[in-house]
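Shown next, in structure tokens, is the structure this report addresses.
The values are calculated or read from the model by the stated rules, or taken from the named source; none is laboratory data. In this text, all values refer to a predicted model and were calculated from it rather than measured experimentally. Here Cβ is always computed from backbone atoms with ideal geometry, including for glycine, and neighbour counts include all displayed protein chains.
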Amino acid sequence: MFFMFTVTAPLDKGTEVTKTFLKAVETPPPPYLRSLGVYATYGDKGYKWYNIVEIDDEHISEGLAELMKRTVPFDDIEGLKIEMENLISMRAAIELQTELGKIYARGEISLSEEEESERAQE
């Protein structure tokens with residue numbers, strides 16, 4: 001399973017974030033947790049880092065616990081925000097949408113008025 005972390009911080013926190021990051025990666029992650037790389041960008045609004053992490057399916061709970069443990073040191077950095085999203089493949093997203101369409105068509109789940117309006121506009 002894949003997770004994407006997006007981390008943002010003000011420009012004046014770059015050194016503090018870098019030190020915290022280097023400390024966090026001193027200990028290698030367990031073998032069921034793999035980072036596909038950390039990528040960064042910056043601009044007038046500050047820094048932004050992206051990290052896509054893969055966790056073996058049989059170790060999701062342990063992997064998420066390890067990731068949370070590794071993000072705790074960043075909590076003390078003022079203005080830093082961390083978002084985590086679960087990612088699925090395009091194929092899985094299409095399959096999920098197809099199945100949801102069938103469920104909606106059978107009336108097992110109903111859409112909100114806003115969702116109905118959006119769907120009608122498509």
Could you tell me how many of the residues in region 4-37 are of a type in the set (A, V, I, L, M) and in contact with a helix residue (DSSP H, G or I) (Cβ under 7 Å, 6 or more places away or on another chain)? 3
Across region 21-58, what is the total count of residues that are over 18 Å from the mean Cα position of the chain (by Cα), β-branched (Val, Ile, Thr) and within 22 Å of Glu85 (Cα to Cα)? 1
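Per-residue answers, yes or no, for (1) exposed (fewer than 12 other Cβ atoms within 10 Å of the Cβ); (2) touching a residue at least 40 places away in the same chain (Cβ under 8 Å); (3) among the hydroxyl-bearing types (Ser, Thr, Tyr):
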{"position": "Lys13", "(1), (2), (3)": "no, yes, no"}
{"position": "Ala24", "(1), (2), (3)": "no, yes, no"}
{"position": "Leu33", "(1), (2), (3)": "no, no, no"}
{"position": "Leu36", "(1), (2), (3)": "no, no, no"}
{"position": "Asp57", "(1), (2), (3)": "yes, yes, no"}
{"position": "Pro73", "(1), (2), (3)": "no, yes, no"}
{"position": "Met84", "(1), (2), (3)": "no, yes, no"}
{"position": "Leu96", "(1), (2), (3)": "yes, no, no"}
{"position": "Arg106", "(1), (2), (3)": "yes, no, no"}
Which of the residues spanning region 17-56 are in a strand (DSSP E or B) and in contact with a Lys or Arg (Cβ under 6 Å, 6 or more places away or on another chain)? Thr41, Glu54
Among the candidates Ile82, Ile103, Ile109, Ile94, which residue alone is assigned by TED's automatic domain parsing to the domain that holds Val53 and either in contact with a helix residue (DSSP H, G or I) (Cβ under 7 Å, 6 or more places away or on another chain) or part of a helix (DSSP H, G or I) (or both)? Ile82
